[in-house]
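K.L.:
Handing you a structure now.
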Amino acid sequence: MAPYPPPPPCDRPTLYFVGVRTAGSSIMRVFPRWAEELNLDAVIRGYDAALDAPPEAYRAIVRHLREDDLARGALVTSHKIAVLQAAGDLVDDLDPYARTCGEVSCLAARDGRLLGFAKDPITSASAWRAFVPAEHFAGDAEVLCFGGGGAAVALSVAAADFPDPDDRPRRMTFVEVDQRRLEHLRSVHEALDTDITFDRVLSDDPARNDAMVQALPPGSMVINATGMGKDLPGSPIRDAAPFPQGGLAWELNYRGELDFLQQARRQQDARGLGVEDGWVYFLHGWSAVIAEVFGVEIAGARFRALGRAAAALRPDRGA
């Protein structure tokens, strides 16, 4: 097999976006505004790899980050686990969350070294708190998450770290079509010190998925972390699946057909649902990586300013 081509040489300080179809992401239009807001002399470039890309694809981009002095770092989306598995030997050090999760969502070139970070447990916790009411899980409500990749790993770690027991669910169930991902999830779950019960289910059957949604206690949260509705067509459940009464529906994507989001919206009034897309998740995820890569502080008023700068470029909310 011929080597997977690396990006062309940088001519300015560059942040890379490692994804599937990066050109459609709002960050390609948002980043220039954020760079101006943060006084950064930098540009962003996409690096696309298929969901089943060979290891050499990941090694090519990681080598580039090591070898090009103007390549400052990268945000990794759909390939967080694969990048570390394929090119972990090219990364000089990992933060504790990256070791726990077995993934990297951020790579930063610093002082001649390439560092790997798993920012998602932090950013998903921030997005969770912005959406989920305090003490929502004081009763019997559970979490059912479709998808067992990097986002599911991060949500597991984030929930386990919530200090107030009424803010974390008693049970979290993860439904995945790939047994390897479930095994990776199992290894992460077994290492967590938490009172949460984690269940993992192998299923690609929409009817079975519907039944799991229907069996949830009132108030439960259903999450789409599969990439379906953005990177893949469709939704993990069918239109007739009844969301839990008084529950929450969280679509982790903010662009694409967003079938799962539309299903939840159609039941929102009748079921008393709280419905959230992935826009706030997007803002927290990107701002945390930019802060790490460029050594800037982004919190409080500055984070809100970035949110305002991005708002005008937000795509239609899946209407």
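The values are calculated or read from the model by the stated rules, or taken from the named source; none is laboratory data. For clarity, every value in this text was computed on a predicted model and none was experimentally measured. All Cβ positions, even for glycine, are placed from backbone atoms using ideal geometry, and neighbour counts span all protein chains on display. The accessibility values were calculated without ligands, DNA or RNA, using every heavy atom of the protein model including side chains. Shrake-Rupley method; radii C 1.70, N 1.55, O 1.52, S 1.80 Å.
K.L.:
When both residues are 6+ apart or on different chains and their Cβ atoms are under 7 Å apart, which pairs have a first residue that lies in the range 83-99 and is touching a residue at least 60 places away in the same chain (Cβ under 8 Å) and of a type in the set (S, T, Y), and a second that is part of a helix (DSSP H, G or I) and crowded, with 17+ Cβ neighbours inside 10 Å?
P.N.:
Listed pairs, sorted by first residue: Y97/P121; Y97/V157.
K.L.:
To continue, here is another question. When you check F137 against the structure, is it more than 30 Å from V83 (Cβ to Cβ) and touching a helix residue (DSSP H, G or I) at 6+ places or on another chain (Cβ under 8 Å), yes or no?
P.N.:
On the way: more than 30 Å from V83 (Cβ to Cβ): yes; touching a helix residue (DSSP H, G or I) at 6+ places or on another chain (Cβ under 8 Å): yes.
Yes; evaluated as a whole, the condition is true for this residue.
K.L.:
Among the residues that make up the range 110-124, is at least one of them over 30 Å from D69 (Cβ atoms), crowded, with 21+ Cβ neighbours inside 10 Å and in contact with a helix residue (DSSP H, G or I) (Cβ under 7 Å, 6 or more places away or on another chain)?
P.N.:
Within the range 110-124, one or more residues are over 30 Å from D69 (Cβ atoms), crowded, with 21+ Cβ neighbours inside 10 Å and in contact with a helix residue (DSSP H, G or I) (Cβ under 7 Å, 6 or more places away or on another chain).
K.L.:
Which condition from (1) at pLDDT 95 or above; (2) under 19 Å from the mean Cα position of the chain (by Cα) is the one that L51 breaks?
P.N.:
(1)
K.L.:
Out of the helices (runs of 4 or more DSSP H) lying entirely within the range 220-319, which hold 1 or more residues that are under 16 Å from S25 (Cβ atoms)?
P.N.:
Working: elements: 259-271, 279-294, 300-311.
Per the criteria, 279-294, 300-311.
K.L.:
Working carefully through the options Q214, Q179, find the one that is open to solvent by 20 Å² or more (accessible area, probe 1.4 Å), over 26 Å from S78 (Cβ atoms), out of contact with any Gly (no Cβ under 8 Å at 6 or more places or on another chain) and of a type in the set (S, T, N, Q).
P.N.:
Q214
K.L.:
Can you tell me which residue is most open to solvent (accessible area, probe 1.4 Å) among those in the range 53-75 that are out of contact with any Phe, Trp or Tyr (no Cβ under 8 Å at 6 or more places or on another chain) and more than 21 Å from D111 (Cα to Cα)?
P.N.:
P55
K.L.:
Still on this structure, I have one more. Within the range 163-193, track down each residue that is touching a helix residue (DSSP H, G or I) at 6+ places or on another chain (Cβ under 6 Å), over 15 Å from A141 (Cα atoms) and of a type in the set (D, E, K, R).
P.N.:
Residue satisfying the conditions is E176 alone.
K.L.:
From the set of residues in the range 182-191 that are over 16 Å from A225 (Cα atoms) and without any contact (Cβ under 8 Å) to a residue 60 or more places away in the chain, which is least open to solvent (accessible area, probe 1.4 Å)?
P.N.:
H189
K.L.:
Now a separate question. Go through (1) open to solvent by 50 Å² or more (accessible area, probe 1.4 Å); (2) outside any loop (DSSP other than H, G, I, E, B); (3) out of contact with any helix residue (DSSP H, G or I) (no Cβ under 9 Å at 6 or more places or on another chain) for E37 and report which single condition fails.
P.N.:
Among (1) open to solvent by 50 Å² or more (accessible area, probe 1.4 Å); (2) outside any loop (DSSP other than H, G, I, E, B); (3) out of contact with any helix residue (DSSP H, G or I) (no Cβ under 9 Å at 6 or more places or on another chain), E37 violates only (3).
K.L.:
A further question on this structure: Can we say F243 is more than 24 Å from A50 (Cβ to Cβ), open to solvent by less than 40 Å² (accessible area, probe 1.4 Å) and under 21 Å from the mean Cα position of the chain (by Cα)?
P.N.:
Against the criterion (more than 24 Å from A50 (Cβ to Cβ), open to solvent by less than 40 Å² (accessible area, probe 1.4 Å) and under 21 Å from the mean Cα position of the chain (by Cα)), F243 does not qualify.
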